[in-house]
Amino acid sequence: MNLTLLAEKLNLMVRCNGNRLGREVSGGYVGDLLSDVMTNSRKDDVWITCQSHQNIVAVSVLKEHAGIILVLGKEPDKDTLEKASREGIPLLVTKLSGFEAAGRIYNLINA
Amino acid sequence: MSQKYEFSFPVEGENFDDAGKVSVEIKRLLKGLGITSDILRRTAIATYESEVNIISYARQGNINIRVTDDNILINIQDSGPGITDIEQAMRQGYSTADDRIREMGFGAGMGLFNIKNCSDSFEILSEVNKGTLLKILINR
């Protein structure tokens, strides 16, 4: 599974690093508490969150996530977009809830 | 032949814009030294949580790292308010963070607990109104 396919299936909008969507996604993690995500998410996960501020980028870089999906129609802050672009972390957005996004991605990855 | 590397990074309190920047730099350095992925993961969690603690509670702090063939020693020293009750601070879910910090997804009371879980040895020395020193040892 990769982000290109996930974006297509879930109709996700790409906000930056559209050229890096080919990277393999091996799993996912849903969370809005940064300590939780730092501890429990894994490398190559796609991170599903409603946090849109710039601090999510450092967490994603440290965890080597495949990308971040902002849910509930949240848009990344300007600083978030700049940092993510610079660090090479793909940022995608959707109007779906975290629950629905996670459920659909889980099914696609484990199909 | 045994090798030893030492690094020191200042962290500025209150500067949430750059939260995680030092930890990202440390991870890159350690990766360059050939540290394996599980040790990198544990070190990244420990430094990140420490960095966020300095930013959230202290005016200024330092993250010092010493890497040897056997282990990674991380000393985090800050000039913050200190911790009155260390046992309480170590409890998962306990936090003194204000709403502003919590809104950003910090202050969940998991930091020190997570650091301890990632360490082979963990010690907190703190003096109220002076500051706090965390000593984290991770065996390679």
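So here's what we get for this one:
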quantity: 2 or more residues away from every other protein chain (no Cβ under 14 Å), touching a Ser or Thr at 6+ places or on another chain (Cβ under 9 Å) and without any contact (Cβ under 8 Å) to a residue 60 or more places away in the chain: qualifying strands (runs of 3 or more DSSP E) within segment B:1-97; calculated: B:60-68
quantity: Failed item in (1) in contact with a Gly (Cβ under 7 Å, 6 or more places away or on another chain); (2) loosely packed, with under 13 Cβ neighbours inside 10 Å; (3) basic (Lys, Arg), with B:Arg59 passing the rest; calculated: (2)
quantity: Residues of segment A:55-111 that turn out to be closer than 22 Å to B:Lys31 by Cβ and within 14 Å of chain B (Cβ to nearest Cβ), as a count; calculated: 18
quantity: Matching residues, segment A:35-48, being part of a loop (DSSP other than H, G, I, E, B) and small (Gly, Ala, Ser); calculated: A:Ser41
quantity: Count of segment B:8-36 residues which are out of contact with any helix residue (DSSP H, G or I) (no Cβ under 9 Å at 6 or more places or on another chain) and not hydrophobic (A, V, I, L, M, F, W, C); calculated: 6
quantity: Residue within segment A:5-12 that is of a type in the set (S, T, N, Q) and either part of a loop (DSSP other than H, G, I, E, B) or in contact (Cβ under 8 Å) with a residue 40 or more places away in the chain (or both) present; calculated: yes
quantity: Considering residues of segment B:98-121 that are within 14 Å of chain A (Cβ to nearest Cβ) and either charged (D, E, K, R) or loosely packed, with under 14 Cβ neighbours inside 10 Å (or both) only, the residue nearest to B:Ser23 (Cα to Cα); calculated: B:Lys116
quantity: Looking only at segment A:49-102, and only at residues there that are hydroxyl-bearing (Ser, Thr, Tyr) and either assigned to a helix (DSSP H, G or I) or in contact with a Phe, Trp or Tyr (Cβ under 7 Å, 6 or more places away or on another chain) (or both), the one that is nearest to B:Glu51 (Cα to Cα); calculated: A:Ser60
quantity: Selection within segment A:39-57 - touching a Gly at 6+ places or on another chain (Cβ under 9 Å) and farther than 22 Å from A:Asn107 by Cα; calculated: A:Gln51, A:His53, A:Asn55, A:Ile56, A:Val57
quantity: Filter result for A:Asp32 (among the acidic types (Asp, Glu), in contact (Cβ under 8 Å) with a residue 12 or more places away in the chain and not in a helix (DSSP H, G or I)); calculated: yes
quantity: Tally, over segment B:59-87, of residues that are under 14 Å from B:Ser121 (Cβ atoms) and modelled with pLDDT under 95; calculated: 0
quantity: Given (1) among the β-branched types (Val, Ile, Thr); (2) at pLDDT below 95; (3) buried (at least 17 other Cβ atoms within 10 Å of the Cβ), number of the condition B:Ile124 does not satisfy; calculated: (2)
quantity: Residue match in segment A:29-49 (condition: of a type in the set (Lys, Arg), within 11 Å of chain B (Cβ to nearest Cβ) and out of contact with any Cys (no Cβ under 6 Å at 6 or more places or on another chain)); calculated: yes
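The values are calculated or read from the model by the stated rules, or taken from the named source; none is laboratory data. Predicted model only: the values in this text are computed from it and were never measured. So basically every Cβ, Gly included, is an ideal-geometry build from the backbone, and we count neighbours across all protein chains shown.
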